[in-house]
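Structure, as structure tokens:
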Amino acid sequence: MLPTADEVAFYPLTHSLTHSLGFDSLFTDRDIIQMPIQSILAPLIARRRTPHVQKLYADIGGGSPITRLTQEQKGLLERRLDELHPSTAPHRGYLAFRYSGPSSEQALLDMKRDGVRDVVLFSQYPQWSCATMGSSLNEWWRVAERLQLSSHFRWSIIDRWFDNAAFIDAVVKRIVEALRKLPTDADRREAVLVFSAHSLPIKAVERGDQYPAEVAATVNLVMHRLAARLGTTANKYYLCYQSQVGRVPWLGPRTDLVHTISHWLQPSPSLVLASAHVPS
């Protein structure tokens, strides 16, 4: 049984936990990747990828802090909603992860148990994609139908917020903080900003996925706001994509290649890495 968000604050990504955390499910999700005999190939790919992923998590302390951070965010959101709308308080948040616990099923059952009637499905992905919010909603409705809870609640959905002013300001604030750590004004002016977003298979883009356009819109808004904040011409920047898997074509250019090419073309300026997407 998967641990709940209350039970786990920090997932240690050991080999035995990799599959229980939904690593297999990621590669069987046809909203992301479609390949022949997927049910057979997915576990093989997951096992092959496990050592690489373990090393990446070891570099940040041995596990993912996403459950702990999302729990903290949930608590802050509950308190803020209670302050803004005391007439409908108390407000309760429930976590539902796509590939690990707590799951959509657990969230739905918890809401039913607590007597919830009005539900806002709030995506933690700023930009829409069939591979992120699309996949999560598909899973949510499948589980709700199976549990016969589709008509039990009144639904609202926040499915994207790529151009939200508070989000843009938050990204700008982090960039400014990073630039201030550089030693001189010249370094800050010449620093190259690298916006890195999670990649998406080209097949999804060809089907009309809006993700690349919304990521680009986020970056454009950030750069305009940054220039206004600094009162100068905006820094040079790159938009690139990370976490490509397998041999199918993915959105590029790849983050690691942009980093290498930038240093090759201009070895002196500093690189400031900014996220154009908040994975969840």
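Details
- Verdict on E145 being under 30 Å from S100 (Cβ atoms), of a type in the set (D, E) and surrounded by 14 or more Cβ atoms within 10 Å (Cβ to Cβ): no
- Here the strands (runs of 3 or more DSSP E) wholly within the stretch 152-246 that include at least 2 residues being at pLDDT below 95 are 192-198, 237-242.
- Scanning the stretch 78-103 for residues that are touching a residue at least 40 places away in the same chain (Cβ under 8 Å) and either in a helix (DSSP H, G or I) or farther than 27 Å from E145 by Cα (or both) yields nothing.
- Of all the residues in the stretch 114-136, those that are in a loop (DSSP other than H, G, I, E, B) and in contact (Cβ under 8 Å) with a residue 24 or more places away in the chain number 9.
- Some residue of the stretch 71-90 being within 27 Å of S199 (Cβ to Cβ), modelled with pLDDT of 65 or more and surrounded by 13 or more Cβ atoms within 10 Å (Cβ to Cβ): yes
Let's see how each residue does on (1) surrounded by fewer than 15 Cβ atoms within 10 Å (Cβ to Cβ); (2) polar (S, T, N, Q):
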residue	(1), (2)
L179	no, no
D187	yes, no
L193	no, no
S196	no, yes
P201	no, no
M223	no, no
A228	yes, no
Y238	no, no
V248	yes, no
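The values are calculated or read from the model by the stated rules, or taken from the named source; none is laboratory data. Predicted model only: the values in this text are computed from it and were never measured. Glycine gets a Cβ as well: all are built from the backbone with ideal geometry, and neighbour counts include every protein chain shown.
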